[in-house]
């Protein structure tokens, strides 16, 4: 019997079913806690195509690792200026308002390393510049855990972020040491990894409340509460909140992205 969330977001599950048909090897994977896959990362990089994606997809996980003293860098790739809530606003407001929100959120959750690429959302593309930016971040930080949206996400900017990351990873000599975790925004992942965020969900919700502009369009607090609660029940058979991921080593990730796009990145 489908949950109310599953009935409302049928398009997510139809898209996942199509993905599973094309990639049967990712179906019915063992689902393990991320702690068991990578007990304590050295450094985490979170890629957020738009301000709010990072909290929607892995906000509780960020808070959990922050509590363990793991350094976390968040990169906001675009300015989020295509959000429906800023349509008709002045160009200056549209290009800066959501980045101001991102700074408040980063301060609230304790992120000291927030990087704003501030690429105008309608100009976001895989270019020599975005590739160079990604290369520089990876070379500087050498993260062993990277979070970004799932490649099968409905939003084209989320898909594009995967292409940019995979291109940079393919040029790195240390890529085999990196775990990639695809998080959920406008998608459901073929889950093989999860983080129980029950004790952090209130702070995740508070962080989402600091994004009032996108919250005018979608109540992301309720959205995440329903989704994360459903995941916790499915995995833990109890009440709580869980963030789901599709985790893999970076070599497998690059191969997957190449296959997804039918060739070179």
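Here is how the numbers come out for the structure above:
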quantity	calculated
Residue within segment 129-136 that is more than 14 Å from the chain's Cα centre (by Cα), over 20 Å from residue 49 (Cα atoms) and free of Cβ contacts under 8 Å to residues at least 40 places away in the same chain present	no
Meets criteria (crowded, with 16+ Cβ neighbours inside 10 Å, out of contact with any helix residue (DSSP H, G or I) (no Cβ under 8 Å at 6 or more places or on another chain), touching a residue at least 40 places away in the same chain (Cβ under 8 Å) and within 20 Å of residue 26 (Cβ to Cβ)) for residue 235	yes
Residue match in segment 100-122 (condition: assigned to a loop (DSSP other than H, G, I, E, B), under 30 Å from residue 261 (Cβ atoms) and touching a residue at least 40 places away in the same chain (Cβ under 8 Å))	yes
Meets criteria (closer than 27 Å to residue 87 by Cα and not in a loop (DSSP other than H, G, I, E, B)) for residue 126	no
Yes/no for residue 94 being touching a residue at least 24 places away in the same chain (Cβ under 8 Å), in contact with a helix residue (DSSP H, G or I) (Cβ under 6 Å, 6 or more places away or on another chain) and assigned to a helix (DSSP H, G or I)	no
Residue among 135, 196, 144 that alone is touching a helix residue (DSSP H, G or I) at 6+ places or on another chain (Cβ under 8 Å), surrounded by fewer than 19 Cβ atoms within 10 Å (Cβ to Cβ) and under 26 Å from residue 60 (Cα atoms)	144
Single unsatisfied condition, residue 81 versus (1) over 18 Å from the mean Cα position of the chain (by Cα); (2) surrounded by fewer than 21 Cβ atoms within 10 Å (Cβ to Cβ); (3) not in a helix (DSSP H, G or I)	(2)
Any hit, segment 43-63, residues being modelled with pLDDT under 95, under 30 Å from residue 79 (Cβ atoms) and either surrounded by 15 or more Cβ atoms within 10 Å (Cβ to Cβ) or out of contact with any strand residue (DSSP E or B) (no Cβ under 8 Å at 6 or more places or on another chain) (or both)	no
Filter result (farther than 19 Å from residue 252 by Cα and modelled with pLDDT under 95) within segment 22-35	35
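Okay, residues lined up against (1) in a loop (DSSP other than H, G, I, E, B); (2) out of contact with any helix residue (DSSP H, G or I) (no Cβ under 9 Å at 6 or more places or on another chain); (3) under 20 Å from residue 154 (Cβ atoms):
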| position | (1), (2), (3) |
| --- | --- |
| 21 | no, yes, yes |
| 29 | yes, yes, no |
| 36 | no, yes, no |
| 40 | yes, no, no |
| 51 | yes, no, yes |
| 54 | no, no, yes |
| 61 | no, no, no |
| 64 | no, no, no |
| 69 | yes, yes, no |
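The values are calculated or read from the model by the stated rules, or taken from the named source; none is laboratory data. Only a predicted model underlies this, so the values are computations on that prediction, with no experimental measurement involved. Glycine gets a Cβ as well: all are built from the backbone with ideal geometry, and neighbour counts include every protein chain shown.
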